[in-house]
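Each remark here refers to the structure printed beneath this line.
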Amino acid sequence: MPAAPTEEQGERPLEFGELSPMPAVPVQGEMRTTARGEALLALGLWLLSIMLIVMLPNLVALPYVFSHYKGAELAQQKWLTDPKVLLLSVIGIIPAHLITFFAAWVIVTRWRRRPFWRTLNWSFSPGFGFTACAVLAIALYFAGALLAKFIGGGAPTDIEMLIDSSTATRITLAVLAVATGPLVEEIVYRGVLYTALEKTLGLWWSVVLVSFLFMFVHVFQYRNNVGVI
């Protein structure tokens, strides 16, 4: 039986989904979180992220809509193409990302009981470092562009319509695309969801399920172009 770590050695931080050792004397009110419980928490985080993305952009844009559109104009949904409404909707994604990040931080750290980034345990695989990842990312970008061109639909996607709506919307989308968007998606899908599901479903089923969930939330957004999906 391995010796317990000494004070000089310190204790190794637990990875997300790893169970804490049971204390010799149970602490009142403290519950042992199981792998299944971690998976349920991860799925709950995924559902929360979707609810926020759907609700907050609408909540941010609705005050402007109701103050500028009345009667027939409101019923005819002319506001759906108003550049200011579209900009406000995109701005509403920012608080959705921030709240999702905070919820992920609470789950991973168990409210400051574990370090966030070290618990996620992100690292490059041996023999597949930063350079290989960069080359693969560029190759996938061009492959995706070819698929979108040759097997995609002719109608513009929602993202393309947002980009064409105004300069302010383009800038806001660019910030989301390079800052909060990728970070939050990686934390939710690869950092929390995959890590928790892998403990219960195994590697391959976890990859399949997480990939499906990621595709599911983007289908409506890119429904006009099968190649992008």
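Table for the structure above
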read-out: Pair list, Cβ < 8 Å and 6+ apart or interchain, from the range 192-208 residues that are among the small types (Gly, Ala, Ser) to residues that are not in a helix (DSSP H, G or I); value: Ala196/Phe16; Ala196/Gly17
read-out: In the range 38-49, the residues that are surrounded by 16 or more Cβ atoms within 10 Å (Cβ to Cβ) and either more than 19 Å from Thr119 (Cα to Cα) or among the aromatic types (Phe, Trp, Tyr) (or both); value: Trp46, Leu48, Ser49
read-out: Positions within the range 116-155 being loosely packed, with under 10 Cβ neighbours inside 10 Å, at pLDDT below 75 and either within 19 Å of Ile187 (Cα to Cα) or polar (S, T, N, Q) (or both), in sequence order; value: Ser123, Ser125
read-out: Filtered residue count, the range 112-149, keeping only those that are among the hydrophobic types (A, V, I, L, M, F, W, C) and within 15 Å of Val192 (Cα to Cα); value: 4
read-out: Residues within the range 71-88 that are out of contact with any Phe, Trp or Tyr (no Cβ under 9 Å at 6 or more places or on another chain) and surrounded by 20 or more Cβ atoms within 10 Å (Cβ to Cβ), tallied; value: 2
read-out: Test result for Arg190, within 19 Å of the chain's Cα centre (by Cα), over 16 Å from Gly92 (Cβ atoms), surrounded by 14 or more Cβ atoms within 10 Å (Cβ to Cβ) and among the basic types (Lys, Arg); value: yes
read-out: Lone qualifier among Leu87, Leu74, Leu56 - being of a type in the set (A, V, I, L, M, F, W, C) and in contact with a Pro (Cβ under 8 Å, 6 or more places away or on another chain); value: Leu56
read-out: Qualifying residue in the range 164-186 (condition: assigned to a helix (DSSP H, G or I), surrounded by fewer than 17 Cβ atoms within 10 Å (Cβ to Cβ) and in contact with a Lys or Arg (Cβ under 6 Å, 6 or more places away or on another chain)); value: no
read-out: Residue that is surrounded by 14 or more Cβ atoms within 10 Å (Cβ to Cβ), without any contact (Cβ under 8 Å) to a residue 24 or more places away in the chain and closer than 25 Å to Val175 by Cβ, where the choices are Val60, Val65, Val108; value: Val65
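Yes/no per residue for (1) on the phi > 0 side of the Ramachandran plot; (2) charged (D, E, K, R); (3) in a helix (DSSP H, G or I):
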position: Glu73; (1), (2), (3): no, yes, yes
position: Leu80; (1), (2), (3): no, no, yes
position: Ala96; (1), (2), (3): no, no, yes
position: Ala103; (1), (2), (3): no, no, yes
position: Ile107; (1), (2), (3): no, no, yes
position: Arg113; (1), (2), (3): no, yes, no
position: Cys133; (1), (2), (3): no, no, yes
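The values are calculated or read from the model by the stated rules, or taken from the named source; none is laboratory data. In this text the structure is predicted, and so the values were computed from the model without any measurement. As a convention, Cβ positions derive from the backbone with ideal geometry for all residues, glycine included, and neighbour counts pool all protein chains shown.
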